[in-house]
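Okay, structure first, notes after.
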Amino acid sequence: MASQPPLANIITLGVHDLTRERDFYQQLGWPIVLDSDDFIVFELRGALLALFPLDQLARDAHTQAAPNRRPGIRTSVIISVEQAAQVDDLAAHARAAGATLTKEPTDAEFFEGRDAYFADPEGNYWEIAWSKSSNPVVAAARRAAGQPV
């Protein structure tokens, strides 16, 4: 029997201000599935987003926390939407919740579709992207989420 690839669908962000970050993602309308004193988990379609105090995340990983908030991007998480107009809608919603849009909704530069970028209050970057279902990354993401391609 062939082994399956690992299931990697929980994203953990190490954060400085747990309350502010929880409030931000709640304002996006993302449902909380766990809210404890030091660990908050939101359910997304096909994945979970966990917020964990940065110092505790570093301790758990047996390493040190990255230096305080340096400007710039190092990683982003892609939010796939079903229609091009949803890029604009979600970008507006994120801005209203307190996000900084670093790329307004536009035709994508590196793929055929539409995208935008925003940073949450602590500078964690998210890309909102739409592309045709024939895009191999979109097809793989749908398969991973158990959706028809």
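Quick note: the coordinates plus some simple rules give every number you see, no bench work behind them. Since we're looking at a predicted model, the values are computed, not measured. Cβ placement follows ideal geometry from the backbone for every residue including glycine, while neighbour counts extend to all protein chains displayed.
In terms of modelled amide H atoms, which long-range or inter-chain residues lie less than 5 Å from the amide H of residue 79?
Amide H neighbours of residue 79: 127, 128, 129.
Roughly how many nanometres apart are two label points built 7 Å out from the Cα toward the Cβ at residue 32 and residue 78?
Output for this residue pair reads 3.1 nm.
Can you give the relative contact order of the range 75-149 as a percent, counting alpha carbon pairs under 8 Å and 6+ residues apart?
Details: 124 pairs, mean separation 23.6, N = 75.
32 percent.
Please report the relative contact order for the chain, taking Cα pairs under 8 Å with a sequence separation of at least 6, and give it as a percent rounded to a whole number.
Numbers: 234 pairs, mean separation 30.0, N = 149.
In percent, rounded to a whole number, it is 20.
Work through the residues other than residue 87 whose Cβ is under 13 Å from its Cβ and net out their charges, Lys, Arg +1 and Asp, Glu -1. Walk me through the numbers on the way to the answer.
Working: positive: 95, 103, 114; negative: 82, 88, 89, 104, 107, 115, 127.
Charge balance in the 13 Å sphere: -4.
With a ≥ b ≥ c the root eigenvalues of the C-alpha gyration tensor of the range 1-65, is it rounded (a/c under 1.5), prolate (a/b larger than b/c) or oblate? Walk me through the numbers on the way to the answer.
Working: a/c = 2.88, a/b = 1.24, b/c = 2.32.
Because a/c hits 1.5 or more and a/b fails to exceed b/c, the range 1-65 counts as oblate.
Run through the DSSP bridge list for the range 75-149 and note the antiparallel percent, rounded to the nearest 5.
Working: 12 of 17 bridges.
So the antiparallel bridges amount to about 70 percent of the total.
Using only Cα atoms, what is the ratio of the radius of gyration of the chain to 2.2 N^0.38 Å?
Working: Rg = 16.2 Å, N = 149, 2.2 N^0.38 = 14.7 Å.
So the Cα radius of gyration is 1.10 times the expected 2.2 N^0.38 Å.
Tell me, in nm to one decimal, what length is gained between residue 95 and residue 60 on full extension, where the rule is 0.36 nm per residue of separation less the Cα-Cα distance? Can you show the working numbers first?
Values: separation 35, 0.36 × 35 = 12.60 nm, distance 3.23 nm.
9.4 nm is the gain from fully extending residue 95 to residue 60.
Could you work out the local net charge near residue 42, counting Lys and Arg as +1, Asp and Glu as -1, over the other residues with Cβ closer than 13 Å to its Cβ? Provide the component values of the computation, followed by the final result.
Numbers: positive: 22, 45; negative: 21, 23, 35, 43, 120.
Neighbour charge sum, excluding residue 42 itself: -3.
Using a Gaussian network for the chain with springs between C-alpha atoms less than 10 Å apart, which of these wobbles most: 112, 122, 104?
112
Please work out how much length the chain gains when fully extended from residue 139 to residue 16, using 0.36 nm per residue of separation minus the C-alpha to C-alpha distance, in nm with one decimal.
Values: separation 123, 0.36 × 123 = 44.28 nm, distance 3.50 nm.
Value of the extension gain: 40.8 nm.
Among the trypsin sites (Lys or Arg not before Pro) within the range 1-60, which fall in a DSSP loop and have no more than 10 other Cβ atoms within 10 Å of their own Cβ?
Values: sites: 20, 22, 45, 59; in loops: 45.
Qualifying residues, ordered by number: 45.
If each DSSP helix of 4+ residues adds -39,500 (n - 2.57) and the sum is divided by the residues in the chain, what number results at 222 nm, nearest 500 deg cm²/dmol?
Values: 4 runs with 40 residues, N = 149.
Only helices count here, giving -8000 deg cm²/dmol.
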